[in-house]
Amino acid sequence: MTSVRPKLKPDQPKAVTAWDTATGKVVWMADDGSWSDDPAKIGVFTGDKADDMLATAETQEGTVTDPYFMQVAEDGAIDGRETLRETIRANGPTVHPEFQRSAK
């Protein structure tokens, strides 16, 4: 399964994000290619390395669902035209405080 997302230029810092298939949690690929549900561990990739990391994520369908690029700043902070969407994914639902992620 894939979702159509805006194209990011090769030199634009990006992260790979998906959903953990077993739990439904939002996860991000770390620098070492592992998955984390901690947004502080977002790996930042550019160029061919970014394409390689997304290709690796796509081979892990079953462990993760719908991996895709999201735009980030060089320090891994959520950035770009989908900032609101990705901020909600990182912080949890906005409907009730009991469902939000706890502060780490």
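What follows is calculated from the coordinates using simple rules that are stated; it is not laboratory data. These figures come from a predicted structure and were not determined experimentally. Every residue, glycine among them, receives a Cβ derived from its backbone with ideal geometry; neighbour counts consider all protein chains shown.
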If the limit is 21 Å between Cα atoms, which of K9/K41; K25/K49; K9/K49 go over it?
K9/K41; K25/K49
Between K25 and residues 5 or more places away or on another chain, which pairs have amide H atoms under 5 Å apart, with H built 1.01 Å from N, and which residues are they?
D20
I need the shape label for region 14-91. Rule: rounded when a/c is under 1.5, else prolate if a/b > b/c, else oblate, with a, b, c from the alpha carbon gyration tensor.
oblate
So how do 56-66, 37-47, 13-23 stack up, highest first, on mean other-Cβ count within 10 Å?
13-23, 37-47, 56-66
